[in-house]
Structures are given as structure tokens and as C-alpha cells.
Amino acid sequence: MTHAIRLLAAILVACAAAAGTARAADAAASTPVREQAIFAVSDADPAKWNLTLGNIANALDGIGGDKADIELVVYGPGIAMLKKDSAVADRVAAVLGRGVRIAACQNSMHGFKLEAADLVPGVGVVPSGVVELIRREHAGYAYVRS
């Protein structure tokens, strides 16, 4: 009789564990997955910028803006393209309006004598663009090269 009770207890524990695993799987399936991507531009070439901004818009359209965390890191000579009067300022503002984070490298800003007030409104500043890229990649962001 003791053997039968132990066997029954083991079966009940196994069933409870299986039910808990199934509930956890259901919860994970219902949790929306957010795609994470990081883009970078270091050039001041409007064509390169238009390509990258177009790729970002395509990613938002393909994934869905509500399912994507997208960031653009800007450093080096590319920092000048974040100025309010740049050739791509309107497109930069457009992706900001769609929820894209844009991070300007403060090191590059200092080198090019720019202040945050010179940039398109909504652009954020990070101490180092390269460090931002490294940290985002370690956090699981996919690096997208344009």
C-alpha cells in the first residue's frame, strides 16, 4: 500500500509540474516580443543618411512600430547631419516621431563644436557613441549596417 501511495504522489507531482510548465509557456507566448535593432552612422554623406533612415523606416514598417525598439547612434563627422539645418533634418525628425531613439555622441559633438541646442529636437546625447553601440549589442540589439 505504501508503494501505491508513493507512486500516486509522484504522478500528482509530475502532473502539477507539467501544468505549471504549460501555464508558463502560455504566458510567454502571450507576452509580445519586441525586436531590438541598432543602426549607426559616422558619415556626413546625405546619401548614406537617406539609406540608413530608409532602412529604419522599412524596419518599422515590417516589424511594426509598437513591436520595435530601434536606436540610431551617430558619431564622427556624421554628427553634423543631426543639426537643425542639415539636409536630412526633416527625415531625422520623422523617425524620431515614429519612436526611434537617436543618440548623438558627446565626444563627437565636442570635436565639432556642437551643443545639444544645435541638434534636431528630440535627439538624445550619450557620452560615447562607440560605447553606446557596444552596450546595446551586449543587451541583445541586432546591429544593422546600412
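The values are calculated or read from the model by the stated rules, or taken from the named source; none is laboratory data. From a predicted model like this one, the values you see are computed outputs, not experimental measurements. Please note: Cβ atoms are built from the backbone with ideal geometry, for glycine as well, and neighbour counts cover all protein chains shown.
Observations on the model:
- Residue 103 falls short on exactly one of the conditions (1) in contact with a helix residue (DSSP H, G or I) (Cβ under 6 Å, 6 or more places away or on another chain); (2) surrounded by fewer than 21 Cβ atoms within 10 Å (Cβ to Cβ); (3) not in a helix (DSSP H, G or I), and that condition is (2).
- Inclusion of residue 117 among residues that are within 20 Å of residue 47 (Cα to Cα), assigned by TED's automatic domain parsing to the domain that holds residue 55, part of a helix (DSSP H, G or I) and modelled with pLDDT of 95 or more is not warranted.
- Counting the residues of region 128-145 that are part of a loop (DSSP other than H, G, I, E, B), surrounded by fewer than 16 Cβ atoms within 10 Å (Cβ to Cβ) and small (Gly, Ala, Ser) gives 2.
- Residue match in region 97-111 (condition: on the phi > 0 side of the Ramachandran plot and touching a residue at least 12 places away in the same chain (Cβ under 8 Å)): yes
- Residue within region 44-51 that is among the aromatic types (Phe, Trp, Tyr), in contact (Cβ under 8 Å) with a residue 12 or more places away in the chain, over 22 Å from residue 138 (Cα atoms) and outside any strand (DSSP E or B) present: yes
- The residues listed here are 35, 71; of these, the one that is modelled with pLDDT of 95 or more, of a type outside the set (Gly, Ala, Ser), closer than 19 Å to residue 142 by Cα and touching a helix residue (DSSP H, G or I) at 6+ places or on another chain (Cβ under 6 Å) is 35.
- Filtered by the rule that a residue be within 15 Å of residue 102 (Cβ to Cβ) and either touching a helix residue (DSSP H, G or I) at 6+ places or on another chain (Cβ under 6 Å) or loosely packed, with under 13 Cβ neighbours inside 10 Å (or both), region 55-64 gives a lone residue, 56.
- When region 62-85 is filtered for residues that are in a helix (DSSP H, G or I) and within 15 Å of the chain's Cα centre (by Cα), the ones remaining, listed by number, are 62, 63, 65, 66, 67.
- The residues of region 64-85 that are among the small types (Gly, Ala, Ser) and touching a Ser or Thr at 6+ places or on another chain (Cβ under 7 Å), listed by number, are 76, 78, 80.
- Among residues of region 79-100, those that are buried (at least 21 other Cβ atoms within 10 Å of the Cβ) and either touching a Gly at 6+ places or on another chain (Cβ under 9 Å) or farther than 18 Å from residue 47 by Cα (or both), counted: 3
- Residue tally, condition surrounded by 13 or more Cβ atoms within 10 Å (Cβ to Cβ) and either under 17 Å from the mean Cα position of the chain (by Cα) or free of Cβ contacts under 8 Å to residues at least 24 places away in the same chain (or both), over region 117-127: 5
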